[in-house]
Each structure stands twice: as C-alpha cells, then as structure tokens.
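The values are calculated or read from the model by the stated rules, or taken from the named source; none is laboratory data. Quick caveat, the model's predicted, so the values are computed rather than measured. Cβ: placed from backbone, ideal geometry, glycine included. Neighbour counts: every protein chain shown. We work out accessible area using only protein heavy atoms, side chains counted, and drop any ligands, DNA or RNA first. Shrake-Rupley method; radii C 1.70, N 1.55, O 1.52, S 1.80 Å.
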Amino acid sequence: MKKQAFNPYLPSYEYVPDGEPYVFGDRVYVFGSHDAFGGDDFCVNDYVCWSAPVEELGDWKYEGVIFRSTQDPRMEGKHMPMNAPDVCQGPDGRFYLYLQVSMQTVTTVAVADQPQGPYEFYGHVKHKNGTLFGKKRGDAYSFDPSVMVDDDGRIYMYTGSCPDSKRMRNLMKLGGGQVDYGSVVELEQDMLTVKGKLYHTVPGIFKAKGTPFERHGFYEASSIRKINGGYYLVYSSEVSHDLCYATSETPTGPWTYGGIIVSIGDIGLPGVTEENPRNFTGNTHGGMVCIRGQWYIFYHRQTNQQMCARQGCAEPIEIDADGRIAQVEVTSCGLNGGPLKAEGSYEARIACNLWGKKGTFKYSQPHHSEMTEYPYFTQSGEDRESDGDQYIAKMQDGAVAGFKYFDFADGKVSEINVTLRGNGTGTMKVYTDLEKEPVASIAVETGEEWKTFAGKTEKISGVQPLYFRYEGSGAVDFTEFSLLSDSEM
C-alpha cells in the first residue's frame, strides 16, 4: 500500500535543511546541510543523504553519512560546520559535491561514483594560477554553491552572499569578497578550475533598490535549474523567509526578477503580510526538481525555538506557458500528490500553520526560549538523534495549529480525537474556516501523561484544512489527532 507523504518529508528526528533535490535513475535524492536538534549553530552535523523512489515519495531511505569536514585537508582533521551543498553529475558520469566548510570563503569539491556517495575529497575551486577562488580580490564570497552542467557540456558555478549587516559586509570585503551581487563563474572540464570572468546574477539588498528586485534582493542560497531552454535561479531573498526566482536566456545573465515561489510564513499570499504570517519565520533555502512530470520546490521550516534546528519540506509548483511560477502556500501534504485521507491518525508535527495568541516571531538567535507565550515544534528523548517523538509544545489560550489539506469527500468523519498533555483545562476547537463556527469542540483537562480526548464533529465534506485552536487555562502539548467514522468508534 502506498505511503502518504507529509511535510516535513523526512523522519521527525531528522534535521536536513537547504535541500537540493535531484532525480538520478528511478530515485529522487536530497542533499542538504545537517542541523542538530538542540545545537548552538547551523549545520554542525556531517552531511547525509536521503532518497525515495520517484513513484513513492512517502518512502524515504537513509543513505548514510556522505562527507565529513575532516576529509577536507584544509581543516587539518577538525570537525567544522558545513554550509548548504549542491551535487551535480559531471561530464565523466561521476557525481560532484560542492560545499563550503564553515566560513572558509572557498569552495570544496568531493567526488563519488554514485549519487548517495560516500564522497571523497577532490579539490578546491581555484584560478588557473592555483589561487583559491574566493581568495582573490573581486572574487565572489564563496557561499552556498550551486553547480550546473549545461546541455553543451559547459559547467557553471553559482555562489555568493549579500548580507545587510555592515559588520558582516566589512568582514567579507576584507577577504576581497563580492558582497553586492550573487555571482556565477564558468569552470573547466576538471570541475575545479575557473575558466572565465565572474558575472553578476541577482543584486543584493542595496543594489536592488530602484530595480524590479527591490525588497527581494539576493541574500544567499543560489540554486540553478534549466527548464524549457531557460535558466531559473532560485535564491533566498533579503527578507530570508522566502525563496524567489530570477530567469535568464543564458547561464550568465542578465537576470529578470520572477517572483516569490514560497514563503515559510505564507507572506505574499492574499491577505498575508509581514505583520500576520501564518508561521514562525526565519531563513529558508532549497531548489526545484521535476518528478514524473510534476515540478516541486523544496524549502525548510524552523523548529525548537531556535534558528538552527531546521527541517525540509516541499510543495508542488506550476510553471505556466510563459515560464512564470506562482507563489504556493505551505501545506502538510506537499509531496503527496493531493490531499491527505480524512481517516486514521496524524502526528501534530505535520502542522503547516502555527501561531500563538500574539502571533509569531522571526527566528534570529540560536535560542528563543524566553518567548514563553508561543507554541513551537520540539521533541523529547535522551537520544535526540534517534528518538524523534516530535510534537507541538506549549499551546496556550488562542494558539492555533493548522493542517492542509484533507479529503472529506465521503463526509463520514463523525469524531475527532486529540492526544495532549500539560497543565491545561479548556477546549480544543476544530475549524475548517477560522472565520466560521467550529466543526468540533473537545473538552480537555490535561496532566503529565499523554491522554486522548474525543469530540463529535459536524459533517465535513470536500477538500478542507483543519485548524485546532486551544481555548482555556494553562498550556497543552499536542502530539496527535485522529479522524474517525461511526464504523471505527
């Protein structure tokens, strides 16, 4: 029986953000950085790879560790964070992994005979005279590299970072880094040597003013794809919570602003602004992939009251006849090929919308544990690497968890159960539309142990979201809900 696919698409204990998805053979592979639950910095774990059959996007397989920072001779055996990587298949048929270790300003390359690795150190991107790319004045500040082998066999690397922080800009400039634009360079067939001049891609926050890119200037996270003969550069914009795209008729530009593909706060969709996002925001990063004729955008969300415990998600997108991509909303069923079945039990961790009575905030510090009035995704267990009992913590009066979408076509759901714990007494109200009356009201009185509470529901039909709003005293943790029909009760 085919498994349903959810967001996040990997197991609850896994934190692989910055996802770059590719189809090789009959499987889709995702390469990303690797956060640690409870970690104090981004990308502190070794790179791993996950893959799934193209026909079964709910069945992900762990492929193991594929590269460690200690393999880079410049690290002299030290374990260091590794930022967002990319993988491409070279002209020789081998697979090349491009990455930046910590803040080293250069691009490391590793190679493997198969996409899932393991990868072995190959070299560093360099100029013809041997100078490492990123160390010569005027080079791009090497960050979040993305590499493409074009149809004619020419190879291009996209990279760069354009922060709005004066301190960061000055530090990067000290090393000669280009901080006003994203960049692209052509590489030789050895996949290492810079062949030609550096070209600008998307302008950063300051250079974007007065251009179509204004308010969505380049920040980081270059991700290149060629689609229908044109070039699409996905990037994280200056606001950080969205992925935008730019297009060009050539791999080196000039580039035209396309729009927002996805915002992790749904900011930019009708009625949703920076003042009323549907989720907690922070940075996001990802790329596009076509799987069996359907295009998807991969991105990541924030968890655990910290900016460096991020999890990968994905949504289907449409590219119209003119090459435009409309912004999509975040959902719970991104890779599922349609809405989830309105039956059985679901983990609360697949909520795609989450906010408190006071709204949300932006993840901008290693930890936000002082924000005690807001709900958040977290997990428990002594072994945090393997015990992934993830749940929504600290839902207080007015907090909402939203799930999209379910197919209630048969209208048979007659009861909704919620599994909670905490010190809360009140009501969990369930809505298909927060502007209308609830379809169910479930009385709850929680304690230290998980307990399931049941409530009859009005008839629900069609494809609908479900919003769970807690009203009452204290706070509840929310781990699971069930949709039951009369025959199951």
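A few points about this structure:
- Fully extending the segment from SER461 to GLN189 would add 92.2 nm, taking 0.36 nm per residue of separation and subtracting the current Cα-Cα distance.
- Spacing of the modelled spin labels on ARG215 and GLU55, each 7 Å from Cα toward Cβ, amounts to 4.6 nm.
- Across the options VAL44, GLY259, PHE24, the greatest Cα extent toward the positive end of the charge dipole of the chain (unit charges at beta carbon of Lys, Arg, Asp, Glu) belongs to GLY259.
- Cα centroid separation, region 1-57 to region 104-132 (Å): 22
- Dipole of region 48-131, positive direction: furthest Cα of GLY130, PRO73, ALA84, with charges on the beta-carbon: GLY130
- Calculated log₁₀ intensity ratio I(q)/I(0) where the Debye formula runs over C-alpha points of region 1-159, q = 0.09, 0.16, 0.20 Å⁻¹: -0.30, -0.92, -1.35
- Remark: spin-label model distance SER369-GLU249 equals 5.7 nm, labels positioned 7 Å along the Cα→Cβ axis.
- Length added when fully stretched, ARG292-GLN89, from 0.36 nm per residue minus Cα-Cα: 71.1 nm
- (1) 20.2; (2) 47.0; (3) 22.9, with the label sought being that of the calculated mean projected area of the Cα convex hull in nm²: (3)
- One Cα centroid belongs to region 418-489, the other to region 269-292; the line between them spans 26 Å.
- Rounded to the nearest Hz, the phi-derived 3J(HN,Hα) couplings of region 271-286 under the Karplus curve 6.51 cos²θ - 1.76 cosθ + 1.60 (θ = phi - 60°) are x, 10, 10, 4, 7, 9, x, 8, 8, 5, 9, x, 7, 8, 6, x, where x marks glycine and proline.
- Rough spin-label spacing in nm, given labels placed 7 Å along Cα→Cβ, for GLU274 and ASP164: 0.6
- Per-peptide average of other Cβ atoms within 10 Å, ordering 451-457, 225-231 highest first: 451-457, 225-231
- Rounded to the nearest 20, the size of the Cβ-charge dipole of region 254-347 about its Cα centre is 280 debye, with Lys and Arg at +1 and Asp and Glu at -1.
- Per-bin percent of Cα-Cα distances, region 2-64 [5 Å]: 4, 18, 27, 26, 15, 7, 3, 0
- Largest first, the residues HIS216, HIS241 sort by 1.4 Å accessible area into HIS216, HIS241.
- Entries of LYS128/LYS226; LYS2/LYS459; LYS209/LYS394; LYS61/LYS358 with Cα pairs more than 31 Å apart: LYS209/LYS394; LYS61/LYS358
- Between ASP40 and LYS78, the FRET efficiency from the beta-carbon distance, with R0 = 22 Å, is close to 0.85.
- Residues of region 19-48 with amide N under 20 Å of a point placed 7 Å along Cα→Cβ from VAL65: 30-48
- Estimated from the Cβ-Cβ distance and a Förster radius of 56 angstrom, the FRET efficiency linking ASP113 and ASN423 is about 0.50.
- Set against the 2.2 N^0.38 Å expectation for a compact globular protein, region 378-481 has a Cα radius of gyration ratio of 1.11.
- Estimated FRET transfer efficiency when R0 is 56 angstrom, pair ARG137-LYS2 (beta carbons, to 0.05): 0.55
- By average C-beta atoms within 10 angstrom, highest first, the peptides 194-200, 367-373, 251-257, 263-269: 263-269, 251-257, 194-200, 367-373
- Placing +1 on the Cβ of every Lys and Arg and -1 on the Cβ of every Asp and Glu, with nothing else charged, gives region 373-489 a dipole about its Cα centre of roughly 400 debye.
- Here's the picture: charge each Lys and Arg Cβ at +1 and each Asp and Glu Cβ at -1 in region 153-290, and of VAL179, ILE224, GLY271 the one pushed furthest to the positive end of that dipole is VAL179.
- The chain, dipole about Cα centre (Lys/Arg Cβ +1, Asp/Glu Cβ -1), debye to the nearest 20: 1500
- Extension gain (nm, one decimal) between ASP320 and THR452, 0.36 nm per residue minus Cα-Cα: 43.0 nm
- Taking every protein chain into account, the accessible area of the chain amounts to 40 square angstrom per residue (probe 1.4 Å).
- For region 436-486, the alpha carbon convex hull comes to 109 Å³ per residue, rounded to a whole number.
- In this view, the solvent-accessible surface of CYS244, computed with a 1.4 Å probe and all protein chains in place, comes to about 0 Å².
- Within the accessible area of the chain (1.4 Å probe), percent carbon and sulfur: 46
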